[in-house]
1. Can you confirm whether region 85-95 contains a residue that is more than 25 Å from Glu154 (Cα to Cα) and either touching a residue at least 12 places away in the same chain (Cβ under 8 Å) or open to solvent by less than 50 Å² (accessible area, probe 1.4 Å) (or both)?
2. Suppose we filter Gly7, Gly25 for residues that are open to solvent by less than 70 Å² (accessible area, probe 1.4 Å), touching a His at 6+ places or on another chain (Cβ under 7 Å) and part of a loop (DSSP other than H, G, I, E, B); which single one remains?
3. Checking Thr46 against (1) farther than 19 Å from Gln188 by Cα; (2) of a type outside the set (Asp, Glu); (3) open to solvent by 10 Å² or more (accessible area, probe 1.4 Å), which test does it fail?
4. What pairs come out if I take residues in region 181-197 that are within 17 Å of Ala167 (Cα to Cα) and in a strand (DSSP E or B) and pair them with residues that are among the β-branched types (Val, Ile, Thr) and open to solvent by less than 60 Å² (accessible area, probe 1.4 Å) whose C-beta lies under 7 Å away, six or more apart or interchain?
5. Would you check if Asn145 is without any contact (Cβ under 8 Å) to a residue 40 or more places away in the chain and either over 20 Å from Ala54 (Cα atoms) or among the aromatic types (Phe, Trp, Tyr) (or both)?
6. Kindly indicate whether Asp107 is acidic (Asp, Glu), touching a strand residue (DSSP E or B) at 6+ places or on another chain (Cβ under 8 Å), modelled with pLDDT of 95 or more and open to solvent by less than 50 Å² (accessible area, probe 1.4 Å).
7. Is at least one residue of region 140-151 in a strand (DSSP E or B) and either out of contact with any strand residue (DSSP E or B) (no Cβ under 6 Å at 6 or more places or on another chain) or open to solvent by 20 Å² or more (accessible area, probe 1.4 Å) (or both)?
Amino acid sequence: MPLSSKGSTIIWSSDFNDLFYDAGGQVLDGNFSFEIGSFANGFVPTGSNINDWAANWKVFDRAFDPTPGDPGDGDPEGWNTVDQFYVGSVEHLITGGSGSVDANPADIFAQGEVAYLWVYNTKNRETGTEWALVTDGPGLGDVANDWVFPDPTEPSTTSYEWQLADADTAIYGGLNGTTGGGQPYTIQTSLVPVPEPGPALLLGMAALVGLMSRRRRGAASTIG
């Protein structure tokens, strides 16, 4: 990457031995990923528009374990399942894009866009899908910088820190609470409801059932 394309560096991380749990109260394993990013076109995520999150999400950087079946192999890409912490460091390019290999080169992270942390085992809404989405709202008392994208033309010597300790808003999942079993957590993921079939699919299924019923009646008449 040419030096002239680099802007400021954003370091995003949790604390060492942080408290990450799934919906069942189990410690998060290597099947979960952590993504920092923002939503396109002013989209504001809520529990009621969860269907549209993936379509509007822009990945700025990702932390994950590429070999979740072997958590102790020492090759995490920012997500250490043994010591339960994640860390990432990525350039905010002067074009407004991300220097991460996990980002879409066409995505722009404009100055002032709110950054979110999306924790998931899959982005597909299917049985067993678990998500948490948190952010750092504006306010005083942060130990590091607000989770807001800076001016992309900041010099490459400038760096920002987005620490999970500053997160204060959970859009989905839990943040800084206690599990049903009484275990304190920093983040706890929640099960995502599987989408119900749309009207077109329901009509198609009804038509298929009707067709099969007519065929069975026709076969019965022939035998009779």
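1. Among the residues of region 85-95, at least one is more than 25 Å from Glu154 (Cα to Cα) and either touching a residue at least 12 places away in the same chain (Cβ under 8 Å) or open to solvent by less than 50 Å² (accessible area, probe 1.4 Å) (or both), which makes the answer yes.
2. The conditions single out Gly7.
3. In the conditions (1) farther than 19 Å from Gln188 by Cα; (2) of a type outside the set (Asp, Glu); (3) open to solvent by 10 Å² or more (accessible area, probe 1.4 Å), Thr46 misses (1) alone.
4. Cβ pairs passing all conditions: Tyr185/Thr179; Ile187/Val119; Ile187/Val134; Gln188/Thr179.
5. Considered against the rule, which asks whether it is without any contact (Cβ under 8 Å) to a residue 40 or more places away in the chain and either over 20 Å from Ala54 (Cα atoms) or among the aromatic types (Phe, Trp, Tyr) (or both), Asn145 comes out as yes.
6. yes
7. yes
Residue-wise test of (1) at pLDDT 95 or above; (2) under 30 Å from Pro197 (Cα atoms); (3) hydroxyl-bearing (Ser, Thr, Tyr); (4) not in a helix (DSSP H, G or I).
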{"position": "Ala54", "(1), (2), (3), (4)": "yes, yes, no, no"}
{"position": "Gly69", "(1), (2), (3), (4)": "no, no, no, yes"}
{"position": "Thr95", "(1), (2), (3), (4)": "yes, no, yes, yes"}
{"position": "Ser100", "(1), (2), (3), (4)": "yes, no, yes, yes"}
{"position": "Val119", "(1), (2), (3), (4)": "yes, yes, no, yes"}
{"position": "Lys123", "(1), (2), (3), (4)": "yes, yes, no, yes"}
{"position": "Val134", "(1), (2), (3), (4)": "yes, yes, no, yes"}
{"position": "Gly137", "(1), (2), (3), (4)": "no, no, no, yes"}
{"position": "Pro155", "(1), (2), (3), (4)": "no, no, no, yes"}
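The values are calculated or read from the model by the stated rules, or taken from the named source; none is laboratory data. For clarity, every value in this text was computed on a predicted model and none was experimentally measured. Ideal geometry is used to build each Cβ from the backbone, glycine not excepted, and the neighbour counts take in all protein chains shown. Each accessible area value is taken on the protein alone, full model and side chains, heavy atoms only, with ligands, DNA and RNA left out. Shrake-Rupley method; radii C 1.70, N 1.55, O 1.52, S 1.80 Å.
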